[in-house]
Amino acid sequence: MKNDFSSDAVFNIVHCYRLAMRSELKANEIGLNSMHVKCLSFIKKNESCTAHDIVCFFDKDKSQIARLIKEMIEHKWITKTANPEDKRSLILSLTKDGKVLATQLYEAQAKIKQQMLQGLSQEELRVFNKVSETMTNNLKLFK
């Protein structure tokens, strides 16, 4: 069997998805980048979220996440409050503006997903999900 896999295919999907999200959200106008999107979505899903949770989930450097959190606080998308269970950590929460933005993110993702999946059958999506999960797990060996 000929190996027709091209890493360009993966890059093209990711690149086009990012461009679609940036366009739909007008991300450049509000100073939003892909890590902001990921973190805002994560904080929305995890009500007792800490910086440590984000570091662990995204496997990123602590200082990178600290800068990201600082930026999101400056944009007034999130706030930090004392963690009642651990005085050494702070809980990250979405502000009113952050909740509005998180809702816009969700709506943009739903719209883009609908467009992206046009013309694909349930079986094709199932195979794609299985293949991409296997590839992701294979790449985790490089950590």
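The values are calculated or read from the model by the stated rules, or taken from the named source; none is laboratory data. Remember, predicted model here, so these are calculated numbers, not experimental data. FYI the Cβ positions are ideal-geometry reconstructions off the backbone, even for glycines, and counts take in every protein chain you see. In case anyone asks, the SASA skips ligands and DNA or RNA and just uses the protein heavy atoms, side chains included. Shrake-Rupley method; radii C 1.70, N 1.55, O 1.52, S 1.80 Å.
Amide H contacts for C49 (H built 1.01 Å from N in the peptide plane; partners 5 or more residues away or on another chain; cut-off under 5 Å): L92. The residues of the chain present an accessible area of 76 Å² per residue when probed at 1.4 Å with all protein chains retained.
Of the accessible area of the chain, with the probe set at 1.4 angstrom, what percent is carbon plus sulfur? Of the solvent-accessible surface of the chain, carbon and sulfur hold 55 percent. Amide H contacts for T95 (H built 1.01 Å from N in the peptide plane; partners 5 or more residues away or on another chain; cut-off under 5 Å): I78, T79. Our estimate of slack between D8 and N83, defined as 0.36 nm per intervening residue step minus the Cα-Cα distance, is 22.6 nm.
For region 45-114, a simple Cβ point-charge model (Lys and Arg +1, Asp and Glu -1, everything else neutral) yields a dipole of about 120 debye relative to the Cα centre.
Among E24, E85, the sequence by solvent-accessible area, most first, with a 1.4 Å probe is E85, E24. With contributions of -39500 (n - 2.57) from each DSSP H run of at least four residues, the per-residue ellipticity at 222 nm computed over the chain stands at -21500 deg cm²/dmol. Membrane-span-like helices of the chain, defined as complete DSSP H segments with a Cα extent of 15 Å or more along the helix axis and a mean Kyte hydropathy of at least -0.5, are identified as 7-25, 34-45, 62-74. Centre-to-centre, using Cα atoms only, region 41-107 and region 129-143 are separated by 27 Å.
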